[in-house]
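Heads up: the structure comes next, in structure tokens.
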Amino acid sequence: MPAYGPITNKRPLAGRHIALVEHRELDRLGRMLEEQGAETLRCPLVAIADAPGVATMRAWIERAIAAPFDDLVLMTGEGLRRL
């Protein structure tokens, strides 16, 4: 049994309103929370879109090679694959 005690409510999130901003598993996460009684609002903040053209991406990569970043954070593998 968890240290915080047993869950007595079969829908512990009943009455809660939860905004979901994740994109990849938005519907799956929403269903899981709704099964626990929550009302969800799905509002993905990220969309995957292609670059306007290969020339634009090539220019960006060439600038990054010429003047490397101190740090570069890639949030997903999708962006790296597209580069």
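For the reader, a short list of remarks on this structure follows.
- When peptides 40-51, 21-32, 64-75 are sorted by average Cβ neighbour count within 10 Å, with the highest value leading, the order is 21-32, 40-51, 64-75.
- Between 0 and 90°, nearest 10: helix 26-35 axis offset from the chain longest Cα axis: 10
- Placing +1 on each Lys and Arg Cβ and -1 on each Asp and Glu Cβ, with no other charges, gives the chain a dipole about its Cα centre of roughly 220 debye.
- Dipole orientation for segment 26-81: of the candidates 68, 56, 41, 56 has the Cα lying most toward the positive pole (charges on Cβ; Lys, Arg +1; Asp, Glu -1).
- Given R0 = 30 Å, the distance between the Cβ atoms of residue 48 and residue 71 translates into a calculated FRET efficiency of 0.85.
- Model label points for residue 36 and residue 57, set 7 angstrom from Cα along the Cα-to-Cβ axis, are 3.8 nm apart.
- When Cα Rg over 2.2 N^0.38 Å is calculated for this entry, the matching label among (i) 1.32; (ii) 1.75; (iii) 1.57 is (ii).
Read-outs throughout are calculated quantities, based only on the coordinates presented, and are distinct from any laboratory measurement. Here the structure is a predicted model, which means the values were calculated and not measured. In this analysis, Cβ positions are derived from the backbone assuming ideal geometry, glycine residues included, and neighbour counts consider all displayed protein chains.
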